[in-house]
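Data first, discussion second: the structure below is written as C-alpha cells.
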Amino acid sequence: MAKGKQSESGVVDPADLAALAEQLVAAARTSGVELTGPDGLLTGLTKQVLETALEVEMDEHLGYEKHERANTSNARNGHTEKTVRTELGDVRIDVPRDRDGSFAPVVVPKHVRRIAGFDEAVISLYAKGMTTGDIANHLADVYGTEVSRDLVSRVTDTIVEEMNAWQSRPLDAVYPVLLIDAIYMKVRDGQVANRPVYVALGINMDGYRDVLGLWVGPTGGEGAKAWMTMLTELRNRGVGDVCIVCCDGLKGLPEAITATWPLATVQTCVVHLVRNSLRYTSKSDWQKVTTDMRGIYTAPTVPAAEERFSAFAAKWEKKYPAMVKGWRDAWPEFVPFLDFPVEIRKIIYTTNGIESLNARFRAAVRRRGHFPTEQSALKILYLTIKDRHPNKANPTGQINGWRTILNTFAITYGDRLEIN
C-alpha cells in the first residue's frame, strides 16, 4: 500500500502517518522552521489542508473543476481572506467565492471562525475548574493566540441549551435508590450570599448512578420545604416510585419524601449522624464515642443494634444528652439499612456516593469566588458532571456487583421494580 493512502477499509495506516510525521519534522529541522506558531510548519499545513478541502467543495458545488470550462451561469469569483482559530492557533485562509453567493462550505462553514476541537478544549478546561481568565491565559501560552475572556464565556454558554434540556428530560419510572444532598455556593442575587444547591442522584435499574437534577435554592440554608418542591419536580418528570431514599437528618425531610413517594423507605445517612453527634462531644472523647457508634451501625441485625445503642446511651447520655437524643430521634430512619446484606448496606447507609460528586463540584468552583447568576453556577456543575476522569472512579458510573444487589432488591420490593 502506498504511503499516505487509505486501506480498503478506508482507514489510513498508522505506519504511513508516522512516516509522514517523521518527514515533516525532518523538513522543519532542515529549513529551520518552527513546528507550531503563526509561521510554523503545522500551521502552514493546516492552512493548506483547509484551503484544498474548500476548493474541492467548490468543485462539487459548481459541478466542474478549477480551470475547466462549463456551461453554467455560476462560476468562481475569487477568494475572501478569513482567520479561523484552531488548536494550533490562528490560521489565515483564503475561502473561495462563487458569483451568485450560493456556496456554503462544510469544512469551514460561513460565519464560523473556530474549527472543531477549540470549543471542546475550552469547555473541558472550564469543567476542570479553570476560570475564564485562566483559560484565556492558558490558550495564549500554549497556542500563541489571544483569546478574550468574553469569548471563553460565550463558548461555555453554548452548553446552556443542552443543560436546560438535560434538566427537564424525562426520567425512569422507578429507581431502587435515590441519594439527595445539598452543597453551598456563593451566588450574587443583589448581593453575594451562600446559596444551597440541591443535588439528586439516582441509581437506576441497570445499576448506573445518574444525576437527576440540580437546583439553586434561596438564601437561608437547606430546607425541607424546598426539597419538597424538587422532589415533586422529579415525580412530575416520571419518577413514580423510589424504594430507598438516603438523605441527611434535616428536620421535615422524611415527611417530604414520603409525601412524594408514600412507599419509599427513608434512610438517614449514617455519616451525617456521626458528624452531628461529634458536635456535642468533647474532642478528648471522639475516639471512644466513634468506636462505640461504629458498633451500632455495623450490628448484624436491628435487635443487636438496639442492644448496643442501649449500652451506648447508658454510657454517654449523662455526659452528652443532646448526642444521645439525636440518635433516638433519628432511629426510625437509621435502622432500615440493617435489614439488608452488606452489599446493599454499602450503597444506602451513607450519601458518600453523592458526596464524591460534591467533592468534584467544590474543586470546580474553588477558584471562582462567586457566580454572577444562578445559571452560571449550574453551568459549571453540569459540565463537572459530564467531565469524565480516565482511569478514575466516576461518580456517575456503574456500581460493581449490581446483579447480586438487584436480586436482593427484587426479593424485597417485588413488583415495584417492574423488572423487564
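Each reported figure results from applying straightforward, stated rules to the coordinates on display, with no laboratory input. In this text, all values refer to a predicted model and were calculated from it rather than measured experimentally. Cβ sites come from the backbone with ideal geometry, for glycine too, and all protein chains shown count toward neighbours.
Things worth noting here:
- Theoretical FRET efficiency, 1/(1+(r/R0)^6), r = Cβ-Cβ of TYR64 and THR412, R0 56 Å, to 0.05: 0.20
- Cβ-Cβ FRET estimate between THR52 and ASP387, R0 fixed at 22 Å, reported to 0.05: 0.05
- Segment 315-322 - phi-based ³J(HN,Hα) in whole Hz, Karplus 6.51/-1.76/1.60, Gly and Pro as x: 7, 10, 4, 5, 7, 10, x, 5
- The label point for ASP189 and the one for THR30, both projected 7 Å from the Cα toward the Cβ, are 6.7 nm apart.
- Amide H contacts of THR350 (H built 1.01 Å from N, under 5 Å, at least 5 apart or other chain): VAL270
- Fewest neighbouring Cβ atoms within 10 Å first, the residues TYR297, TYR349 line up as TYR297, TYR349.
- Close amide H pairs (under 5 Å, H built 1.01 Å from N) link VAL177 with ILE203, CYS243, ILE244, residues at least 5 positions away or on another chain.
- Anisotropy class of segment 229-379 from Cα gyration tensor, a/c 1.5 cut: oblate
- In this label model, ALA104 and SER73 are separated by 1.9 nm, measuring between points 7 Å along each Cα→Cβ vector.
- Judged by the mean number of other Cβ atoms found within 10 Å, the most tightly packed of the peptides 159-167, 354-362 leads the ranking 354-362, 159-167.
- Under-5 Å amide H pairs with TRP215, H placed in peptide plane, nonlocal only: TYR198
- Extension gain for the segment ASP90 to ARG149, taken as residue separation times 0.36 nm less the Cα-Cα distance, is 19.6 nm to one decimal.
- Stretch gain in nm, segment THR298-THR131, where the contour uses 0.36 nm per residue and the Cα spacing is subtracted: 55.8 nm
- Exposure proxy order (Cβ contacts within 10 Å, fewest to most) of CYS269, CYS246: CYS269, CYS246
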